[in-house]
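Structure first, then comments.
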Protein chains: 2
Amino acid sequence: MRIGELSQVTGIPVATIKYYVRERLLPRGVETSDRSMSYDASHIHRLLLIRTLADTTNLTISQIKEVLGAINRFGGSVHQAMAAGLAATHHTPHPTKAPETAVQQAQQTADRLLREHDWEDYAPETYRDSLLAILTAYYTLGYPDTPELFTMIANAAAQLAAGDLDIIDRATASEGELDAEWAVTSLLIGETLMSTLHRIAHTAASSWHQRGG
Amino acid sequence: MRIGELSQVTGIPVATIKYYVRERLLPRGVETSDRSMSYDASHIHRLLLIRTLADTTNLTISQIKEVLGAINRFGGSVHQAMAAGLAATHHTPHPTKAPETAVQQAQQTADRLLREHDWEDYAPETYRDSLLAILTAYYTLGYPDTPELFTMIANAAAQLAAGDLDIIDRATASEGELDAEWAVTSLLIGETLMSTLHRIAHTAASSWHQRGG
């Protein structure tokens, strides 16, 4: 089909489609004899995928490009594709100027969390640095030390990761080779879902608490 | 102190401080007899808070402004301040053009999740719309229905919210009136922490799975 039809089917303006092609998020069409470009079902699906990531997640176009790259590159390995997708969408905090005591408190808490979950030997450097930067920022503000808050968040993260991978394992067992695109996309959509459901859960729990329930 | 000293103490450039004042993130200083502005400890703390939110979270300056507004406005009510802080930082997905079947599947899943957690009467309209938009996007891509994935994410969100509020309750019990700034900021820093720890947990769990552990 021509670009006009592709635009009609997907509801995405021609100019936006051309932009995605230029930015290499969408593969070029095939040149036809009359020198126009021809697109097929794979282009429709790819456009829907770009649109979904752009509309439902908070990702930038360049992050989406990296996610799509990860899906293409590691299509054969669901685990590698997921790792690359998570890395591409990781928000790296800027390290803030901080007093030495805050840095030390942060280091202790980070070490404890990694140790308690057996993550010490697996956490990549960039995630470790982020963990430290986030905790340092917290302690720099002079807030009370809340070990149980951090423990609770780490437990939730561990459960989420284990749950994700269980579901992927079961899907692989029942459907054979798994689709890396599906695994990566559901991981990222899952994070957005988590953020929205957290807000819903918080609103509800807050009402119950205020009623003394 | 003058703006130069404020800049030195916080490590934030004078131009940036002036920008924050102009954008009303930071209150003006007090005009002194020689017509320069004088700043105090409250300005230092506010600057650190702005910096922390700007550096560790993925929030825009206008979102940070709303968060600070929520803290000021609802300083006396920790629950209201938290609700306003979460609302200000909520990422609202654009609704995508979607086939009717995808919308129906999304509606069924959204209803089920809200029902299972007793959230039906509490979820604000905008979060409900987001939930529907995210699920619709997922089903539009033609991925397998994965009820257990969504259930698992909802459970994690519920735990996180309950945990947050338990900690706030206990802090209130032991320290008397609670600081709304602390409650809101730790909620938002907590979300960034969750995102980083999720990536660490995923990396570790993925290694264990691949080893057949």
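The values are calculated or read from the model by the stated rules, or taken from the named source; none is laboratory data. Please read all numbers here as calculations on a predicted model, not as lab measurements. Cβ sites come from the backbone with ideal geometry, for glycine too, and all protein chains shown count toward neighbours.
Laid out as a table, the results:
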| item | result |
| --- | --- |
| Unique match (being of a type outside the set (A, V, I, L, M) and either under 30 Å from A:Arg128 (Cβ atoms) or touching a strand residue (DSSP E or B) at 6+ places or on another chain (Cβ under 7 Å) (or both)) among B:Trp119, B:Trp182 | B:Trp182 |
| Single residue of the stretch B:45-77 satisfying the filter (of a type in the set (A, V, I, L, M) and farther than 16 Å from B:Ile189 by Cβ) that is farthest from the other protein chains (Cβ to nearest Cβ) | B:Ile61 |
| Unique residue being part of a helix (DSSP H, G or I) and within 20 Å of the chain's Cα centre (by Cα) when the list is B:Asp129, B:Asp111 | B:Asp129 |
| Test for B:Ile134: is it of a type in the set (Val, Ile, Thr), assigned by TED's automatic domain parsing to the domain that holds B:Leu193 and closer than 17 Å to A:Ala205 by Cβ | no |
| Hits in the stretch A:31-56 - residues which are more than 30 Å from B:Leu135 (Cβ to Cβ) and of a type in the set (Ser, Thr, Tyr) | A:Thr32, A:Ser33, A:Ser36, A:Ser38 |
| Residue identified as outside the structural domain of A:Arg46 (by TED's automatic domain parsing), out of contact with any Lys or Arg (no Cβ under 7 Å at 6 or more places or on another chain), at pLDDT 95 or above and surrounded by 15 or more Cβ atoms within 10 Å (Cβ to Cβ) among A:Leu113, A:Leu160, A:Leu165, A:Leu141 | A:Leu113 |
| Pair list, Cβ < 9 Å and 6+ apart or interchain, from the stretch B:99-113 residues that are in contact (Cβ under 8 Å) with a residue 40 or more places away in the chain to residues that are of a type in the set (S, T, N, Q) and surrounded by fewer than 18 Cβ atoms within 10 Å (Cβ to Cβ) | B:Leu113/B:Thr151 |
| Selection from the stretch B:140-170 of residues that are more than 16 Å from the chain's Cα centre (by Cα), facing chain A (nearest Cβ under 8 Å), within 23 Å of A:Gly190 (Cα to Cα) and acidic (Asp, Glu) | B:Glu148 |
| Which listed residue is more than 7 Å from chain A (Cβ to nearest Cβ) and buried (at least 19 other Cβ atoms within 10 Å of the Cβ), from B:Ala173, B:Ala180, B:Ala205 | B:Ala180 |
| Selection from the stretch A:43-88 of residues that are among the polar types (S, T, N, Q), farther than 21 Å from A:Val21 by Cβ, part of a helix (DSSP H, G or I) and within 13 Å of the chain's Cα centre (by Cα) | A:Thr56 |
